[in-house]
1. Through the Karplus equation 6.51 cos²θ - 1.76 cosθ + 1.60, θ set to phi - 60°, convert the phi angles of region 22-28 into ³J(HN,Hα) values in whole Hz; use x for Gly and Pro.
2. What is the extension gain from Ser54 to Arg100, computed as 0.36 nm multiplied by their sequence separation minus the C-alpha to C-alpha distance, in nm to one decimal?
3. Tally Lys and Arg at +1 and Asp and Glu at -1 over the other residues with C-beta under 13 Å from the C-beta of Ser30: what net charge comes out?
4. Per-residue HN-Hα couplings for region 65-82, Karplus 6.51 cos²θ - 1.76 cosθ + 1.60 at θ = phi - 60°, whole Hz, x for Gly and Pro?
5. Local charge sum around Gln82 (other residues, Cβ-Cβ under 11 Å, Lys/Arg +1, Asp/Glu -1)?
6. Can you compute the modelled spin-label distance between Glu46 and Ala75, with each label point 7 Å from Cα toward Cβ, in nm?
7. Could you tell me the calculated FRET efficiency between Gln39 and Gln82, based on Cβ-Cβ distance and R0 = 25 angstrom, to the nearest 0.05?
8. Expressed as a fraction of 2.2 N^0.38 Å, the rule-of-thumb size for a compact globular protein of N residues, what is the C-alpha radius of gyration of the chain?
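The values are calculated or read from the model by the stated rules, or taken from the named source; none is laboratory data. Note that the structure is a prediction, hence the values are computed from the model and not measured. Using ideal geometry, Cβ is built from the backbone for each residue, glycine included, and neighbour counts are taken over all protein chains shown. Ligands, DNA and RNA are stripped out before the accessible areas are found, and what is left, the full protein with its side chains, is counted by its heavy atoms. Shrake-Rupley method; radii C 1.70, N 1.55, O 1.52, S 1.80 Å.
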Amino acid sequence: QVQLVESGGGLVQPGGSLRLSCAASGSIFSIFTMAWYRQAPGKQRELVAAINSSGGSTNYADSVRGRFTISRDNAKNTVYLQMNSLKPEDTAVYYCNINRGLYSRDPLNSWGQGTQVTVSS
(Lines give C-alpha, C1' and ligand atoms only; values in the text may rest on other atoms or scores of the structure.)
Protein backbone atom coordinates (compact mmCIF):
# COMPACT_ATOMS: atom_id res chain seq x y z
CA GLN A 1 0.00 0.00 0.00
CA VAL A 2 0.98 3.57 -0.72
CA GLN A 3 0.35 6.23 1.89
CA LEU A 4 -1.63 9.14 0.46
CA VAL A 5 -1.98 12.44 2.32
CA GLU A 6 -4.39 15.05 1.00
CA SER A 7 -4.25 18.72 1.94
CA GLY A 8 -5.34 22.16 0.80
CA GLY A 9 -9.04 22.09 1.52
CA GLY A 10 -10.95 24.81 3.29
CA LEU A 11 -13.88 27.20 3.23
CA VAL A 12 -14.22 29.32 0.11
CA GLN A 13 -16.92 31.55 -1.33
CA PRO A 14 -18.71 30.64 -4.56
CA GLY A 15 -16.56 31.62 -7.51
CA GLY A 16 -13.38 31.20 -5.51
CA SER A 17 -10.43 28.88 -6.01
CA LEU A 18 -8.53 26.24 -4.08
CA ARG A 19 -5.56 24.04 -4.87
CA LEU A 20 -5.52 20.56 -3.39
CA SER A 21 -2.36 18.49 -3.01
CA CYS A 22 -1.87 14.77 -2.51
CA ALA A 23 1.53 13.55 -1.39
CA ALA A 24 2.33 9.89 -1.93
CA SER A 25 4.93 7.74 -0.23
CA GLY A 26 7.24 5.39 -2.08
CA SER A 27 9.53 5.53 -5.08
CA ILE A 28 7.15 4.13 -7.70
CA PHE A 29 4.61 6.97 -7.74
CA SER A 30 5.52 7.88 -11.30
CA ILE A 31 4.18 4.62 -12.77
CA PHE A 32 0.63 5.10 -11.49
CA THR A 33 -2.44 6.75 -12.92
CA MET A 34 -3.68 9.02 -10.15
CA ALA A 35 -7.16 10.32 -9.52
CA TRP A 36 -9.15 12.68 -7.35
CA TYR A 37 -12.50 11.56 -5.97
CA ARG A 38 -15.01 13.39 -3.82
CA GLN A 39 -17.84 12.43 -1.52
CA ALA A 40 -20.58 14.80 -0.54
CA PRO A 41 -22.82 14.14 2.48
CA GLY A 42 -25.37 11.47 1.69
CA LYS A 43 -23.89 10.73 -1.72
CA GLN A 44 -21.62 8.09 -3.17
CA ARG A 45 -17.97 8.83 -3.79
CA GLU A 46 -17.46 9.98 -7.38
CA LEU A 47 -14.51 10.30 -9.71
CA VAL A 48 -13.60 13.95 -10.28
CA ALA A 49 -10.42 13.80 -12.38
CA ALA A 50 -7.63 11.43 -13.35
CA ILE A 51 -4.17 11.82 -14.84
CA ASN A 52 -1.93 9.20 -16.42
CA SER A 53 1.57 8.37 -15.23
CA SER A 54 3.37 10.89 -17.44
CA GLY A 55 0.83 13.65 -16.96
CA GLY A 56 0.14 13.75 -20.67
CA SER A 57 -3.48 12.59 -20.55
CA THR A 58 -6.34 13.54 -18.27
CA ASN A 59 -10.01 12.80 -17.72
CA TYR A 60 -12.61 14.96 -15.98
CA ALA A 61 -16.13 14.51 -14.74
CA ASP A 62 -18.58 16.57 -16.78
CA SER A 63 -19.50 18.57 -13.69
CA VAL A 64 -15.96 19.95 -13.27
CA ARG A 65 -14.59 20.03 -16.81
CA GLY A 66 -13.33 23.50 -17.65
CA ARG A 67 -13.15 24.55 -13.99
CA PHE A 68 -10.79 21.99 -12.44
CA THR A 69 -7.30 21.03 -13.56
CA ILE A 70 -5.42 17.94 -12.42
CA SER A 71 -1.63 17.87 -12.62
CA ARG A 72 1.27 16.01 -11.11
CA ASP A 73 4.91 16.43 -10.20
CA ASN A 74 6.57 13.02 -10.27
CA ALA A 75 9.77 14.41 -8.79
CA LYS A 76 7.78 15.41 -5.70
CA ASN A 77 5.47 12.37 -5.66
CA THR A 78 2.55 14.77 -5.62
CA VAL A 79 -0.69 15.18 -7.56
CA TYR A 80 -2.65 18.44 -7.55
CA LEU A 81 -6.20 19.57 -8.21
CA GLN A 82 -6.62 23.23 -9.09
CA MET A 83 -10.26 24.14 -8.55
CA ASN A 84 -11.59 27.40 -9.99
CA SER A 85 -15.06 28.91 -10.20
CA LEU A 86 -16.14 26.81 -7.25
CA LYS A 87 -19.83 26.16 -6.69
CA PRO A 88 -21.73 25.11 -3.57
CA GLU A 89 -22.29 21.71 -5.18
CA ASP A 90 -18.52 21.17 -5.14
CA THR A 91 -18.72 20.90 -1.35
CA ALA A 92 -17.37 17.47 -0.38
CA VAL A 93 -14.48 15.59 1.12
CA TYR A 94 -11.85 15.18 -1.59
CA TYR A 95 -9.62 12.12 -1.78
CA CYS A 96 -6.83 11.04 -4.07
CA ASN A 97 -6.09 7.48 -5.04
CA ILE A 98 -4.29 5.27 -7.50
CA ASN A 99 -6.50 4.32 -10.45
CA ARG A 100 -6.42 1.40 -12.85
CA GLY A 101 -6.83 3.85 -15.70
CA LEU A 102 -8.04 7.29 -16.66
CA TYR A 103 -11.68 6.21 -16.87
CA SER A 104 -11.66 3.61 -14.11
CA ARG A 105 -13.75 4.02 -11.01
CA ASP A 106 -11.86 1.20 -9.34
CA PRO A 107 -9.16 2.66 -7.10
CA LEU A 108 -6.30 0.40 -6.11
CA ASN A 109 -5.19 1.80 -2.77
CA SER A 110 -6.77 2.30 0.60
CA TRP A 111 -8.28 5.72 1.21
CA GLY A 112 -6.51 8.53 3.02
CA GLN A 113 -8.22 10.93 5.39
CA GLY A 114 -9.28 13.27 2.61
CA THR A 115 -9.52 17.04 2.72
CA GLN A 116 -12.76 18.96 3.27
CA VAL A 117 -13.82 21.54 0.71
CA THR A 118 -16.74 23.77 1.64
CA VAL A 119 -18.11 26.30 -0.83
CA SER A 120 -20.43 28.71 0.89
CA SER A 121 -21.12 32.40 1.21
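1. Coupling constants for region 22-28: 9, 9, 10, 7, x, 9, 10 Hz.
2. Details: separation 46, 0.36 × 46 = 16.56 nm, distance 1.44 nm.
Gain on stretching Ser54 to Arg100: 15.1 nm.
3. Details: positive: Arg72, Lys76; negative: Asp73.
So the surrounding residues net to +1.
4. 4, x, 10, 10, 9, 9, 8, 8, 10, 5, 5, 9, 6, 9, 10, 10, 9, 8
5. Numbers: positive: Arg19, Arg67; negative: none.
Residues close to Gln82 contribute a combined charge of +2.
6. 3.6
7. Numbers: r = 20 Å, r/R0 = 0.79.
The value I calculate is 0.80.
8. Working: Rg = 13.2 Å, N = 121, 2.2 N^0.38 = 13.6 Å.
Working it through for the chain, the quotient is 0.97.
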